[in-house]
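Chemist: Take this structure first; my questions come after.
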Ligand code: IPD
Ligand code: CA
Ligand code: CA
Ligand code: CA
């Protein structure tokens with residue numbers, strides 16, 4: 001994309017997100033239709049679906065050559081092909097929070113070109129906090145540039161973890177996780193991967209680790225973190241594969257290695 005195309009894209013991305021956020025806020029007045037996907041804790045509402053369709057309609061009208069990968073499946077079949085411009089959209093990240101708390105949920109959108117992150121946006125709807133990043137130009141919170149992340153040790157760190165980590169788990173050695181938790185200054189769990197990644201990028205968390213995320217959960221967060229010098233890998237230290245499910249360890253420099261040394 002040319003610089004002019006990127007500017008147009010950014011303008012539409014931000015405008016549509018604020019429109020979508022208003023639709024979500026307005027929906028608090030209405031009764032939600034809630035259904036289950038794979039199991040009783042895997043919830044989806046009519047708003048998850050309608051917000052995804054809202055973006056797809058706008059994108060198809062304005063950028064017909066762009067493709068969309070969305071959690072609710074109304075976009076394109078991407079099948080591992082990262083060529084061209086792809087919008088990776090989570091219409092509501094933190095659906096359980098959206099339903100139970102009307103807070104701590106986000107719209108998360110990463111725009112990639114040939115697999116390279118170009119624009120990343122995470123909008124914490126209830127908090128009205130807009131996290132935005134543009135490749136090579138930095139990351140911003142509500143228009144204010146975020147500083148580069150500095151090195152920190154685990155004993156000085158607050159780490160975002162999902163409580164499922166502390167139970168015996170076949171995908172991770174939970175004793176290693178207990179060591180990390182004990183050594184840290186504290187742990188937090190917000191229930192929205194996108195917000196947790198935005199918190200690492202903005203320094204509200206020092207690290208975030210989770211066992212399995214889908215592309216729409218981390219696509220925007222990766223772009224934000226890249227702009228502030230955050231380190232992101234899978235929990236086995238291998239690189240994250242954009243179009244696949246991955247475990248994720250995102251952290252400040254230094255801390256990423258310290259946590260990884262505990263994990264592997
Ligand atoms: C979920 C949230 C949650 C994470 C799950 C995700 P959803 O996304 O990000 O924090 O632990 O793995 O699936 O379903 O609410 O968009
Ligand atoms: Ca979901
Ligand atoms: Ca999600
Ligand atoms: Ca979602």
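Nothing in this text is a laboratory measurement; each read-out follows from the coordinates by a stated rule. Bear in mind the structure is a predicted one, so any value in this text is a computation, not a measurement. Positions of Cβ are backbone-derived with ideal geometry, glycine not excepted, and every protein chain shown enters the neighbour counts.
Chemist: Could you state, as a whole-number percent, how many of the C-alpha pairs of segment 81-143 are farther apart than 18 Å?
Modeler: Value for segment 81-143: 43 percent of Cα pairs lie more than 18 Å apart.
Chemist: While we're looking at this one, here's another question. For the pair residue 257 and residue 212, how long in nm is the line joining their label points, each one 7 Å along Cα→Cβ?
Modeler: 3.2 nm
Chemist: Would you mind classifying segment 147-206 by shape? Square roots of the alpha carbon gyration tensor eigenvalues, ordered a ≥ b ≥ c; an a/c under 1.5 is rounded, otherwise it is prolate if a/b is larger than b/c and oblate if not.
Modeler: Verdict is oblate for segment 147-206.
Chemist: Considering Cα pairs under 8 angstrom that are at least six residues apart, work out the relative contact order of segment 109-234 and quote it in whole percent.
Modeler: 33 percent
Chemist: What's the whole-number percent of alpha carbon pairs in segment 154-263 lying beyond 26 angstrom?
Modeler: When all Cα pairs of segment 154-263 are counted, 7 percent exceed 26 Å.
Chemist: Separation of segment 15-87 and segment 233-264 by C-alpha centroid, Å?
Modeler: 28 Å
Chemist: To the nearest 10 degrees, how steeply does helix 46-62 sit against the main Cα axis of the chain, on a 0 to 90 scale?
Modeler: So the helix axis and the longest Cα principal axis differ by about 60 degrees.
Chemist: Additional query: Using the alpha carbons of the chain, what is the convex hull volume per residue in cubic angstrom, as a whole number?
Modeler: 122 Å³
Chemist: From the mean inverse distance of alpha carbon pairs (Kirkwood) and the Cα radius of gyration, derive Rg over Rh for segment 221-264.
Modeler: 0.95
Chemist: For the chain, what is the calculated [θ] at 222 nm in deg cm²/dmol (nearest 500), taking -39500 (n - 2.57) for each run of four or more DSSP H residues and dividing by its residue count?
Modeler: Taken over the chain, the calculation gives -11000 deg cm²/dmol.
Chemist: Next question. Hey, quick one: spin label on residue 39, modelled 7 Å out along Cα-Cβ, who in segment 201-216 has an amide N within reach, i.e. under 15 Å?
Modeler: Only 211-213 fall inside the zone, counting backbone N under 15 Å.
Chemist: Have a look at 235, 210, 15 and tell me which one the Gaussian network model of the chain (Cα, springs below 10 Å) gives the largest fluctuation.
Modeler: 15
Chemist: Kindly state, to the nearest 0.05, the FRET efficiency for residue 236 paired with residue 78, given R0 = 41 Å and r defined as their beta-carbon distance.
Modeler: 0.95
Chemist: Quick one: the Cα spread of segment 3-145 along its three principal axes, in angstroms, biggest first?
Modeler: 43, 36, 24
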